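Participant: Following this message is one structure expressed as structure tokens.
The values are calculated or read from the model by the stated rules, or taken from the named source; none is laboratory data. The structure displayed is predicted, hence computed values, not measured ones. Here the Cβ positions follow ideal geometry from the backbone for every residue, glycine too, while neighbour counts run over all protein chains shown.
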Amino acid sequence: MSFPRTRMRRWRRNETLRRMARENRVSRDGLILPLFVVEGSGVREPVVSMPGVHRFSTDRLVEEAKRVFDRGVPAVILFGIPADKDPVGSGADAADGVVQRAVSAVKGALPDLCVMTDVCLCEYTDHGHCGIVDGDEVRNDPSVERLAATALSHARAGADVVAPSDMMDGRVAAIRRILDENDFEELPILSYAAKFASAFYGPFRDAAESTPAFGDRRSYQMDPPNRREALREMRLDLEEGADALMVKPALPYLDVLADARAEFDVPLAAYQVSGEYSMIHAAAERGWVDGDRAMKEALVAIRRAGADWIISYAAADLDLS
Ligand code: PBG
């Protein structure tokens, strides 16, 4: 049945009708806020390339976590930035490492906040790669061992969810195994399963001081043109024991997200990465877009494509009423 009997505009005539016809919404419930933690005390330093984002020492991080939990954010994901780095990323799995101390402080103050941790080596290695380097090669299996030890140290510190972001093969299985052997069989793994080698991570690498000293991440992160391969990555991570899957970045990869939604029944997360966030802020600062509207439109598009959870730097401050 077509025009004039069908008129699509009938459901768009006023805000009440639009509200009734709305298919997707973004509420705080599925949002996860990334937080950066540094050594020291009393630190709350702005990240220049990410307006509104700061790096906190643990004491100030706890205050920030309280603030965002009070605003209705159910979960945070912590990234640690250590004072010292070395070739094997020794700080990554140190029992008294920067992120381990932050996890226990935040959980101590806010037991009901879901505290996730990013499991990776790149913030802790002096070369900035996500694994162990041999010459100019990033070696898979030795890296997996270090990543598993890192995940276990986060579990011991009290993390609610561990989220490996390195893209080494077999790391989900290794993490599952070491967690189970140490009585953490109930701890879920959120796998950064389809993580692409993206230009949109630029501002994050400033914040986390994790730009590779040589080369790039294309030998382990996915090639942006590949869609079928993303499904293989996700299927493999499920077989290895992942409890939830992530697609990253979000907005440029909505097709991958929609494929994943059609194929898998586990919780699906999407990461609106630093470049996606900062581009909207930069354009808004120039008066080229309405920043709030653009941010909300991006988030609802990510939800519409099938994400249950969205990791976003805007999670706490966006007005979602
Ligand atoms: C660490 C990691 C990165 C991001 C999340 N975890 C950086 C990278 O892979 O280079 C990017 C997050 C963002 O850009 O907001 N491996």
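Participant: With the condition kept exactly as written, say whether any residue in the stretch 69-84 is modelled with pLDDT of 95 or more, within 14 Å of the ligand (Cβ to nearest atom) and in contact with a His (Cβ under 8 Å, 6 or more places away or on another chain).
Facilitator: no
Participant: With a cut-off of at least 2 residues that are of a type in the set (A, V, I, L, M) and at pLDDT 95 or above, name the strands (runs of 3 or more DSSP E) lying wholly within the stretch 135-221.
Facilitator: 161-164, 190-195
Results for (1) farther than 22 Å from residue 281 by Cα; (2) loosely packed, with under 14 Cβ neighbours inside 10 Å; (3) within 11 Å of the ligand (Cβ to nearest atom), shown as yes or no for each residue.
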residue	(1), (2), (3)
197	yes, no, yes
215	yes, no, no
219	yes, no, no
223	yes, yes, no
227	yes, yes, no
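Participant: Filter the stretch 1-37 for residues that are touching a helix residue (DSSP H, G or I) at 6+ places or on another chain (Cβ under 9 Å) and within 16 Å of the ligand (Cβ to nearest atom); which is farthest from residue 204 (Cα to Cα)?
Facilitator: In this case the residue turns out to be 31.
Participant: Among the residues of the stretch 254-275, is any closer than 19 Å to residue 49 by Cβ, part of a loop (DSSP other than H, G, I, E, B), within 16 Å of the ligand (Cβ to nearest atom) and modelled with pLDDT of 95 or more?
Facilitator: Checked against the condition, which is being closer than 19 Å to residue 49 by Cβ, part of a loop (DSSP other than H, G, I, E, B), within 16 Å of the ligand (Cβ to nearest atom) and modelled with pLDDT of 95 or more, the stretch 254-275 yields at least one hit.
Participant: Turning to a different aspect of this structure: Looking at (1) buried (at least 24 other Cβ atoms within 10 Å of the Cβ); (2) assigned to a loop (DSSP other than H, G, I, E, B), which is the one condition that is false for residue 318?
Facilitator: (1)
Participant: Under the condition of being near the ligand (Cβ under 10 Å from one of its atoms) and under 13 Å from the mean Cα position of the chain (by Cα), which residue from the stretch 164-195 is surrounded by the fewest Cβ atoms within 10 Å (Cβ to Cβ)?
Facilitator: Filtering the stretch 164-195 for residues near the ligand (Cβ under 10 Å from one of its atoms) gives 164-167, 192, 195.
Narrowing further to those that are under 13 Å from the mean Cα position of the chain (by Cα): 164-166, 192, 195.
Details: 164: 29, 165: 23, 166: 25, 192: 26, 195: 26.
Step by step, filter the stretch 164-195, then rank; the result is 165.
Participant: Which helices (runs of 4 or more DSSP H) does the stretch 1-116 wholly contain that include 1 or more residues that are farther than 24 Å from residue 162 by Cα?
Facilitator: Because the criterion is at least 1 residues that are farther than 24 Å from residue 162 by Cα, the helices (runs of 4 or more DSSP H) in the stretch 1-116 that meet it are 15-21.
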